Amino acid sequence: MKSTPSKQRVRSTPRFDSARCKNCGLCACVCPVASIEVPASEVPILLEPDKCTSCRSCEFICPDFAVTMAKA
Amino acid sequence: MAEGESSVAEQEPSVAEPRTIDHYLHTDRFPHIWCPGCGLGTVTAAFLRAALELGLEKDRTVVVAGIGCSSRAVGYLDFGTVHSIHGRALAFATGIKMAHPEFTVIVLTGDGDGAAIGGNHLIHACRRNLDITTILFNNNTYGMTGGQASPQTGMGGYATTAPFGFDEPSFDLCRLAEAAGATYVARGTSYGVRQLQKLIRDGITHPGFSFIEAVTQCPTEYGKRNPPKGPVQMLENLKEKAISRKKAEGMTPEELEGRIVTGLLHRDESVPELTASYARMLERIRKSADE
Amino acid sequence: MELWYTHLMRETIDQDSLLVQGNRACALGALDAGVRFFAGYPITPSSEIMEVMARELPAVGGVFMQMEDEIASICACIGASLTGEISMTATSGPGFSLMQEAIGYAIMAEAPTVIVNVMRMGPSTGRPTTPSQGDVMQARWGTHGDHPAIVLAASNVADMYRLTIAAVRFAQRFRMPVIVLADEIVGHMRESFSPEIAGRYRLTSGDFDFTETYIHPEMVREVHPPHELGTLIHPHVTGLIHDETGFPTNDPKKSEQFLRELHDKVVHHRGELCLYDVKNVGKGRVAVVAYGSCARSARAALKLAEQEGIPVEVLHLYTLFPLPVEIIQELARRVEFILIPELNLGQYAREVRRLAENWTTVVSMGRIDGNLITPRDIVDRLAELVGKYESA
Ligand SMILES: Cc1ncc(C[n+]2csc(CCOP(=O)(O)OP(=O)(O)O)c2C)c(N)n1
Ligand code: SF4
């Protein structure tokens, strides 16, 4: 892992758009820190926002354009 | 790890982008028609991020598709978009590009659309080396019509029209494209999205015919009949099967059996691009008429 | 007038007229009408059209493409058309069959383009160098679904020139594909032709003129705004039923409205679209309705019949579809019977019959042995029929 930003900055974490999400679970499957949970027929939940590395994997894998990264 | 692909885990935290891919989407048309966990949206998103990177202009970019689940992508894209007829996207695109070489022309097609009914147009488009970028969504089946066999279903695969197992071999689409004359050939998967985005981006900037095969999952129609089942399992399967070109080079055909070789597979900048050589011909004719 | 026939002028420079082949005249017409994109695939008896285009289009900065098949050809033409280019393709029966699906797309997407079909004897490979008019109903109904059609028929070299221009203008104005039917005779024959001759032929119609000012799509109420790829005007094009936004809809009301508008734009402008010429109006007790090469024979038969004491009216149709309903029904009211010579088994006769049978008898005179119907053949048949109907 290359990054430990020298400057303190607010990290982005995923936001899940409930109108677009189809509950497929791919975001949880690619999360490198296993921090996403997708309850049945509900929008994914970021379990431990602090663990999130802002890697955007969930955003990129989402087939429903439902994940955006936003600053906490 | 495939070439150009950093593992999903290893990516640097990114700086917030001024625009998201929503910039290029008709979000008012959501929810889209694709099934939950279908990889078509993932590949489309990779294309849109490549478009963002390149700053493609909506009104100078034309995206042409055929018919199929994959081709439905154009219904959500805020470019000039043509949802054409089954298999003929490349023929439409040829007319558009020849008439307006200044447009960025992208073709989105499926394995049935591009390799079965449109196979002839595909090889001729490769041969012409027209500056078009083709992204072929390979989900090994005819999703839209309900899971019939496609040329990419593969030996032993199951489909509604191959209930006892398919007994025909499939194409190696990238080798086909290369042999037919495409000057940029690459393969990615809907798991290796960052690599795919890069491959698509480089394909668009490549001045000539670019062919990018995006191997992706159809959990509904293919996954239903062929293990592993379920979008997550299918995605993990893609991850396991994908292997970079570099790594594949040292491997025997037996070892490569069932693997998906990803990365840039072929690039040739020496072949003249068609609109450019056509323009030169017009210039020659104009000069000789002036004399 | 001088402006639009530059290609024809160049051909005939220093000569009053020149022997021009029908297919060549078609290509010259296309160039003069502003066609700047041609994609095709070789097939007898239409290949000369693409050969002339291959030579001439680059000189005017246009694009010529020889495609891998006829499907690709028409699709490329539609693609070019969607960017605002004026496009055309030419083919014959087997190729025309391949194009049908895409013709339907052009109708749905309201993409103007011109398809010239120089008919040969079919079905299948048939007799490639033999004339026929066997594709008339295919031109009308070849693609699936309920759809409108504009179909013109050329009877001589001059027609090949001017009807190609008319087809381009109609396509632009009504934003749909227009089909020009010729047959092997018309495509391959050479006859003297000049701008002067072109101007002399009369095309009776509401208000058709050959100049570019004719294209005012916005004047045709039922035509939807044009797609212009490369701008953000109406930028999604689809063969799915769509609404005014250009995006697909499954709404029953909107679907019907859309399909009706596609038809209405043609039907409501029938007066303008139906090009024809009548000879001997009101002077004959019997009539011949003809198109294409048979119309030449019919016109010649008129004189011959007169000499033999059979006054006959000849209706020469340049537009086969939309059907010239009013024109045919008016004629039907005036005459005892209508004879229709065609190089098929009566395809158009059936259309005329259903329009005219309330008022008169329609007799089909079909020929499918590959030979022409001569003026003599027509006169002999007229004489037979006159005898029959007078004794009756
Ligand atoms: C000429 C024609 N034949 C058949 C069809 C029916 N059809 C629609 S989509 C499709 C298959 C699409 O398969 P593919 O390109 O692999 O796309 P996918 O749906 O899997 O993304 C077929 C056969 C058609 N629309 N047109
Ligand atoms: S059928 Fe398959 S390809 Fe089509 S949307 Fe569903 S999962 Fe995707």
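Which value at 222 nm does chain A reach when only helices count, each DSSP H run of 4 or more adding -39,500 (n - 2.57), with the total divided by all residues and rounded to the nearest 500 deg cm²/dmol? Only helices count here, giving -2500 deg cm²/dmol. Given R₀ = 35 Å, FRET efficiency for A:ALA70-B:GLU240 by Cβ-Cβ distance, to 0.05? Efficiency computed from Cβ-Cβ geometry: 0.60.
Of the beta bridges DSSP finds with both residues in segment B:23-290, what % are antiparallel, to the nearest 5? Write down the numbers at each step before the final one.
Details: 8 of 38 bridges.
Given both bridge residues lie in segment B:23-290, the antiparallel proportion sits at roughly 20 percent.
With +1 assigned to the C-beta of every Lys and Arg and -1 to the C-beta of every Asp and Glu, and no other charges, what is the dipole magnitude of segment C:278-391 about the Cα centre in debye, to the nearest 20?
Using Cβ point charges on Lys, Arg, Asp and Glu, segment C:278-391 gives about 160 debye.
Between B:PHE47, B:PHE79, B:PHE209, the GNM of chain B built on Cα springs shorter than 10 angstrom shows B:PHE79 fluctuating the most. Once you've got the GNM for chain C with C-alpha springs shorter than 10 Å, pick whichever of C:ARG190, C:ARG175, C:ARG162 has the biggest mean-square fluctuation. Evaluated over chain C, the most mobile residue of the options is C:ARG190. Ellipticity at 222 nm from helices only: DSSP H runs of n ≥ 4 in chain B, each -39500 (n - 2.57), divided by the residue count, give -9500 deg cm²/dmol. Projecting the Cα atoms of B:ALA115, B:GLY95, B:ALA45 onto the dipole axis of the protein assembly as shown, where Lys and Arg carry +1 and Asp and Glu carry -1 at the beta carbon, places B:ALA45 farthest toward the positive end.
For chain C, the relative contact order is 15 percent, taking Cα pairs closer than 8 Å that sit 6 or more residues apart in sequence and dividing their mean separation by the residue count.
Using a simple spin-label model with points 7 Å from Cα along the Cα→Cβ vector, what separation in nm is obtained for B:ARG29 and B:LYS287? In this crude label model, B:ARG29 to B:LYS287 measures out at 4.5 nm. Would you mind getting me the FRET efficiency between B:ARG225 and B:ALA279? Use the beta-carbon distance for r and R0 = 51 Å, nearest 0.05. Calculated transfer efficiency: 0.55. Taking all protein chains into account, the per residue accessible area for the protein assembly as shown stands at 39 Å² (1.4 Å probe). Peptide A:17-26 is shielded by partner chain Cβ atoms: per residue, an average of 6 of them sit within 10 Å of its Cβ.
Summed over both chains, the area buried between C and B is near 2900 Å², taken from the accessible surface of protein heavy atoms with a 1.4 Å probe. Only the Cβ atoms of Lys and Arg (+1) and of Asp and Glu (-1) were treated as charged; on that basis the dipole of segment A:22-71 about its Cα centre amounts to roughly 140 debye.
Computed from Cα atoms, the angle from the helix C:293-307 axis to the main principal axis of chain C rounds to 20 degrees.
Taking Cα centre as origin and charging only the Cβ of basic (Lys, Arg, +1) and acidic (Asp, Glu, -1) residues, the dipole magnitude of chain B rounds to 340 debye.
Please work out whether segment C:293-359 counts as rounded, prolate or oblate from its C-alpha gyration tensor, where a ≥ b ≥ c are the square roots of the eigenvalues and a/c under 1.5 means rounded, while otherwise a/b larger than b/c means prolate and anything else oblate? Oblate, since a/c reaches 1.5 and b/c is not below a/b.
Ranking B:PHE171, B:SER150, B:PHE137 by Cα position along the charge dipole of segment B:116-224, where only Lys, Arg, Asp and Glu carry charges on their C-beta atoms, puts B:PHE137 farthest toward the positive end. Carbon-plus-sulfur accessible fraction, the protein assembly as shown (probe radius 1.4 Å, protein heavy atoms only): 52%.
Note on segment A:22-71: Kirkwood radius taken over Cα pairs, Stokes-Einstein applied at 37 °C and 0.692 mPa s, translational D equal to 302 µm² s⁻¹. Under the simplified labelling scheme, the B:ASN120-C:ARG190 pair shows an inter-label distance of 3.4 nm, with each label point 7 Å from Cα along Cα→Cβ.
In percent, rounded to a whole number, the relative contact order of chain A is 43, using alpha-carbon pairs under 8 Å and six or more apart. Taking C:LEU82, C:LEU259, C:LEU320 as the candidate residues, the one with maximal mean-square fluctuation in a Gaussian network model of chain C, Cα springs under 10 Å, is C:LEU259. Pairs of Cα atoms under 8 Å, at least six residues apart: use those to get the relative contact order of chain B, whole percent. Computed value for chain B: 20 percent relative contact order.
The mean number of Cβ atoms from other chains found within 10 Å of a Cβ in peptide A:52-58 is 5, as a whole number.
Projected label points at C:ARG350 and C:ASN371, each 7 Å from Cα along the beta carbon direction, are separated by 2.6 nanometres. In this calculation the C-beta distance from B:ARG60 to A:VAL10 is compared with R0 = 41 Å, giving a FRET efficiency of 0.70. Ellipticity at 222 nm from helices only: DSSP H runs of n ≥ 4 in chain C, each -39500 (n - 2.57), divided by the residue count, give -12500 deg cm²/dmol.
One decimal place: the segment C:ARG333-C:ALA383 gains 15.9 nm when fully extended, by the rule 0.36 nm per residue minus the C-alpha distance. Taking the longest Cα principal axis of chain C as reference, the axis of helix C:325-334 is set at about 10 degrees. Counted residue by residue at 0.36 nm each, then reduced by the alpha carbon distance between them, the extension gain from B:ALA179 to B:ARG267 reaches 30.5 nm.
Each of C:ASN344, C:SER364, C:SER255 was placed along the dipole of the protein assembly as shown (beta-carbon charges, centred on the mean Cα), and the one lying farthest toward the positive end is C:SER255.
The angle between the Cα long axis of helix C:70-82 and the main principal axis of chain C comes to about 60°, on a 0 to 90 degree scale.
The values are calculated or read from the model by the stated rules, or taken from the named source; none is laboratory data. The structure presented is a predicted model; accordingly, all values stated were derived computationally and were not measured. Note that we place each Cβ from the backbone using ideal geometry, even for glycine, and neighbour counts take in every protein chain shown. These accessible areas exclude ligands, DNA and RNA; they are computed on the full protein's heavy atoms, side chains included. Shrake-Rupley method; radii C 1.70, N 1.55, O 1.52, S 1.80 Å.
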